[in-house]
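Trainee: The structure that follows is given in the form of structure tokens.
The values are calculated or read from the model by the stated rules, or taken from the named source; none is laboratory data. Keep in mind it's a predicted model, so treat the numbers as computed, not measured. With ideal geometry, Cβ positions are generated from the backbone for all residues, glycine too; neighbour counts draw on all protein chains shown.
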Amino acid sequence: MTTTKTADVDGTLAQVYALAGAGADIVRITCNEVEAAEGLAEITPRSPVPIIADIHYQYRLALAAMEAGVQGLRLNPGNIRKEDHIKTVAREAKDRGLPIRVGVNAGSLDKTLMEKYGSAVPEALVESAQIEIRYLQEVDFDDIKISVKHSNVPLMVESYRLLADTIDYPLHLGVTEAGPPPGGLIKSTAGIATLLNEGIGDTIRYSLTADPVEEAKAGRQLLESLGLRERKGLDLIACPSCGRAEVDVIEVATNAQKALEEANLPIQVAVMGCVVNGPGEAREADIGIAAGRGRGHLFIKGQVVRVVPEDEMVEALLDEAQKLVDEGLEARLAHAEANAAEIAAEERRQLIEIQGDANRNAERKAKVAEVAGQD
Ligand code: SF4
């Protein structure tokens, strides 16, 4: 969701483009005043993604937003309460073929329901959605999606489970007012991922107190990491570092992430602190680099293709990653430096000699042979 004043057309459009670039498929924009609706009339035709107008209190602004060309509405049942207003909006949306999200929010639940239930419990949120759905259905409006957002993660999860058991419309998931990262990211992920893994949910939003681009990035990364969306961006894996690390893993990983994100490469990249365990543990990554003794071992699918000076690790990683995306796996493996694998193996052997083999492979092999040889 954008954070600009909607009347600021250029500022809002810049944010919409930034969000779309970070992975947002739909962007919500507030329509809280006439000037905002007028802004939407200029924004929607120039937007790269569908625009949803966020409507609170004033149903007329929903009508104005539709006139401005938005592709959908979010209505808050907690503050647009008059049945005839809701039905007027629904009839207009139906005529225009636009969907409506019934966006129930624990923080702005209808007063009557708060009195009935005492607090924003899952039953109250779901009943709020059901009342609104009934109004929409009474005017034969069926292009509906629902959200029942709560800032309390267990209550959010329970609300959506109850909703999924109760109604059969698409669900939009979110933990409302999750706060700034990292807490907001963790709360949102805990709620959204739990439900997605249960097969509940059709669209998602992270509600962070942060640049909205962070929301879009987080949402995209969550869907990619759950295998629910094709990877379009970088997936950087990095070891947590330990006493074996031969470089400052945090610094190398941070620099690599920045450089690779700027290059916008859709691959999995590994940054590992040592060559003793790094290439093996990250052999599934498309490409990676592990620190040897003052040098970096650059590997593709676990095979070392270049050995580079330590201060050139990030640059070499970026260069090889770009070539890998442009030329493909076979071509880059064919370009592996002739003696890279031998140099790497020798350096790894030396490090194991100095540091010891954390995996105790030789010891284990001997034990396996001993056990296998027993009657
Ligand atoms: S890859 Fe090496 S440095 Fe990184 S955590 Fe594993 S053993 Fe430690």
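Trainee: Among the residues of segment 352-373, is there at least one that is of a type in the set (S, T, N, Q), surrounded by fewer than 16 Cβ atoms within 10 Å (Cβ to Cβ) and closer than 23 Å to residue 247 by Cα?
Mentor: Within segment 352-373 (the criterion being of a type in the set (S, T, N, Q), surrounded by fewer than 16 Cβ atoms within 10 Å (Cβ to Cβ) and closer than 23 Å to residue 247 by Cα), the answer is yes, since at least one residue qualifies.
Trainee: Looking at 194, 166, 254 in this structure, which one is modelled with pLDDT of 90 or more, polar (S, T, N, Q) and over 28 Å from residue 72 (Cβ atoms)?
Mentor: Criteria check complete, one pass: 254.
Trainee: Moving to a separate point now. Pick from 164, 210: which is touching a residue at least 12 places away in the same chain (Cβ under 8 Å), within 25 Å of residue 21 (Cα to Cα) and in the same structural domain as residue 30 (by TED's automatic domain parsing)?
Mentor: 210
Trainee: Count, please, the residues in segment 336-345 that happen to be of a type in the set (Asp, Glu) and either in a loop (DSSP other than H, G, I, E, B) or under 14 Å from residue 301 (Cβ atoms) (or both).
Mentor: 1
Trainee: Next question. Taking the condition of being farther than 23 Å from residue 318 by Cα and of a type in the set (S, T, N, Q), how many residues in segment 203-261 meet it?
Mentor: Number of matching residues: 3.
Trainee: Answer with yes or no whether residue 189 is of a type in the set (Ser, Thr, Tyr) and under 14 Å from the mean Cα position of the chain (by Cα).
Mentor: So residue 189 passes the test.
Trainee: Right, here's the next one. Against the condition under 30 Å from residue 174 (Cβ atoms) and within 16 Å of the ligand (Cβ to nearest atom), how does residue 238 come out, does it pass? Outline the logic, then answer.
Mentor: Numbers: under 30 Å from residue 174 (Cβ atoms): yes; within 16 Å of the ligand (Cβ to nearest atom): yes.
Spelling it out, residue 238 is indeed under 30 Å from residue 174 (Cβ atoms) and within 16 Å of the ligand (Cβ to nearest atom).
Trainee: Do you know which residues across segment 195-207 are out of contact with any His (no Cβ under 9 Å at 6 or more places or on another chain) and free of Cβ contacts under 8 Å to residues at least 40 places away in the same chain?
Mentor: 195, 196, 197, 198, 199, 206
Trainee: Scan (1) away from the ligand (no atom under 16 Å from the Cβ); (2) modelled with pLDDT under 95 for the single condition residue 304 breaks and write down its number.
Mentor: Status for residue 304: all satisfied but (1).
Trainee: Checking residue 227 against (1) small (Gly, Ala, Ser); (2) surrounded by fewer than 17 Cβ atoms within 10 Å (Cβ to Cβ); (3) more than 12 Å from the chain's Cα centre (by Cα), which test does it fail?
Mentor: Among (1) small (Gly, Ala, Ser); (2) surrounded by fewer than 17 Cβ atoms within 10 Å (Cβ to Cβ); (3) more than 12 Å from the chain's Cα centre (by Cα), the lone unmet condition for residue 227 is (3).
Trainee: Then there's this: List the number of the failed condition for residue 296; all other conditions in (1) in contact with a Lys or Arg (Cβ under 9 Å, 6 or more places away or on another chain); (2) in contact (Cβ under 8 Å) with a residue 12 or more places away in the chain; (3) outside any strand (DSSP E or B) hold.
Mentor: Unmet condition: (3).
Trainee: Look through 174, 97, 183 and report the one residue that is within 20 Å of the chain's Cα centre (by Cα), under 30 Å from residue 44 (Cβ atoms) and modelled with pLDDT of 95 or more. If you could, list the steps in order and put the result at the bottom.
Mentor: Values: 97 fails: within 20 Å of the chain's Cα centre (by Cα); 183 fails: under 30 Å from residue 44 (Cβ atoms).
Result of the check over 174, 97, 183: 174.
Trainee: Now for a different question. May I ask you to say which residue of 233, 288 is outside any helix (DSSP H, G or I) and more than 12 Å from the ligand (Cβ to nearest atom)?
Mentor: Only one candidate passes the filter, namely 233.
Trainee: Taking residue 269, is it part of a strand (DSSP E or B), touching a strand residue (DSSP E or B) at 6+ places or on another chain (Cβ under 8 Å) and under 16 Å from residue 343 (Cβ atoms)?
Mentor: So residue 269 does not fit the description; no.
Trainee: Next up: When you scan segment 1-109 for helices (runs of 4 or more DSSP H) that lie fully inside it, which ones turn up with 1 or more residues that are buried (at least 17 other Cβ atoms within 10 Å of the Cβ), in the same structural domain as residue 215 (by TED's automatic domain parsing) and β-branched (Val, Ile, Thr)?
Mentor: Working: elements: 9-22, 34-43, 59-67, 83-96.
Output list reads 9-22, 34-43, 83-96.
Trainee: Moving on. Quick one: which of 351, 324, 317, 333 is in a helix (DSSP H, G or I), within 12 Å of the ligand (Cβ to nearest atom) and of a type in the set (A, V, I, L, M)?
Mentor: None of the others qualify; the one that does is 351.
Trainee: When segment 261-285 is examined, which residues are found to be aliphatic (A, V, I, L, M) and within 15 Å of the ligand (Cβ to nearest atom)?
Mentor: 269, 270, 271, 272, 275, 276, 282, 285
Trainee: All but one of (1) surrounded by 19 or more Cβ atoms within 10 Å (Cβ to Cβ); (2) modelled with pLDDT of 90 or more; (3) among the acidic types (Asp, Glu); (4) within 16 Å of the ligand (Cβ to nearest atom) hold for residue 215; state the number of the condition that does not hold.
Mentor: Of the numbered conditions (1) surrounded by 19 or more Cβ atoms within 10 Å (Cβ to Cβ); (2) modelled with pLDDT of 90 or more; (3) among the acidic types (Asp, Glu); (4) within 16 Å of the ligand (Cβ to nearest atom), the odd one out for residue 215 is (4).
Trainee: What pairs come up if the first residue lies in segment 175-187 and is in contact (Cβ under 8 Å) with a residue 24 or more places away in the chain and within 18 Å of residue 148 (Cα to Cα), the second is buried (at least 17 other Cβ atoms within 10 Å of the Cβ) and among the polar types (S, T, N, Q), and their beta carbons are under 6 Å apart, counting only those six or more places apart or on different chains?
Mentor: Taking only residues 6 or more apart or on different chains, the pairs are 175/188; 176/105; 176/151; 176/207; 177/151; 178/188; 178/207.
Trainee: Against the condition crowded, with 18+ Cβ neighbours inside 10 Å and in a helix (DSSP H, G or I), how does residue 191 come out, does it pass?
Mentor: yes
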